[in-house]
Amino acid sequence: MATGIRISLPKATIQNNQLIKAVVITYKTLKEMIPSSSANSSNINPAGSTIQINSQIISISFYPDRYGNLSHPVRIIFENTNTIENKNTAKENVCAFWASAPSQCGWDSTGCRTGSESNSTHTVCYCSHTTTFSVITRDKLVQSLQIEVITYICCGIAIAVLALTIAIFVMHWKDVKSIVNVMNINIFLCLLMINILVISGLTAIYWKPLCVAISIFLHYIFLAAYSWLLRCAICMHYLFAKNKLAPGSIMGNFLTCCILPATIPILVGIIQVSRYGFDGYLSHYACWLSTTPPVVVTFIIPMILLALAALIYNVLTTTRASSNARVVYDYNDEELEINRKNFRQSFVVLVTFIMTSILFVAFTSTKDIVCQYIFAIISLIQSIYILLFYALKNKEIQMDCKSKAKNHTAYELKPTKGKSSSHLTPANYNNYEDVGEDAIYQEVD
């Protein structure tokens, strides 16, 4: 047999002890004469990119002729001309045969499959018919992440609920304006953007520059949300521990929670894309960080550190959020209950966000449908919780609504019975008899 090629015929090929002769022809220079772009069927190259012949070309035939598909496939082991070292590269080898058609000739893969035992130097082919075979190198087929219907529904509702919550805060901002609520609105905005990108931009893998931009922005939004949650946890701790807000200015909060979280995603994106290309930065399934190479650790490590710091501050705050705080720091019952409520709410949002972050990494890395379902459901529950407890049950917002309703009622005029004199027109006045002022007024002594 030709160097680098081995052929195995299954015993079932011979039926009724009939003598079968196999004729094998190898072509040394034929691949140089066939254009690399020759593809007769979309199943060999659905992406439409250039293909390349990566082995010798051989022809196999039987005598007597065996028409139709073989009951058991022929196994052919090819030696690859060019090796593919990394299994995660953008290229892959596939088994193909030369298909002749009246209108077009080219490579096709119908009836042939590539064996799982193939490696970087050899490709194993199983074909159920006999003709001319070779190994074709093509761009690896990308099976993008599928966003399920339940994810669209849950995340869509979450987007509407979070947008409504933000709108309520904006409408009543004069009454709810505070440092804590500034942090809350920024957290809500981050959650809103995450849900929007999950259902609209996560699967845009065929537009690589856009996909990189989406991945960088998602990376940033997640870290920004954790930064705001940590800042909120520190603020709650200071309220209970020292009876004052945490030190820091508006500019300081902006730098630590908006600017600083952007440095890691931008630097990682620029370095990875410039050194290893798009495939060295992006996941194979979605517009998210790659797991091979493990670019995703640049998100996981900061996420763990920020989440752990926020949880530690929440644990420390729990020891302070007791009845002793009212005695030590002269809180009245109403102030103490408001601070406790704010602490409980921020803790619930932190825990649910940690859960959704873990599930997000899981389903974008493995395409696990169960993780995607749980992510969508928890995101929906989280948004409803935020609307209910941060907005609808907010006492300041409720008091503002009652005050506006009361003022509106006070300015309304009560209706009078019968016709009002204002309904008289100038023409009506002409119908009245002029009796003079003396008939109307009587002088009193």
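Each reported figure results from applying straightforward, stated rules to the coordinates on display, with no laboratory input. Please read all numbers here as calculations on a predicted model, not as lab measurements. All Cβ positions, glycine included, derive from the backbone under ideal geometry; neighbour counts span all protein chains shown.
So here's what we get for this one:
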read-out	value
Point-to-point label distance, I34-I250, nm (Cα→Cβ direction, 7 Å offset)	7.0 nm
Neighbourhood charge, 13 Å Cβ-Cβ cut-off, centred on L350 and excluding it, Lys, Arg +1 and Asp, Glu -1	+2
Dipole moment magnitude, nearest 20 debye, segment 149-395 about Cα centre, only Lys, Arg, Asp, Glu C-beta charged	240 debye
For S59, S357, order by how many other beta-carbon atoms lie within 10 Å, fewest first	S59, S357
Inter-label distance for S403 and M171, nm, one decimal - labels placed 7 Å from Cα along Cα-to-Cβ	1.6 nm
Gain in span if fully extended, I338 to A309, counting 0.36 nm per residue against the direct Cα distance	8.1 nm
Linear extension gain, I300 paired with S8, 0.36 nm per residue minus alpha-carbon span	100.3 nm
Projected label distance in nm at S100 and A262, using a 7 Å step from Cα toward the beta-carbon	6.4 nm
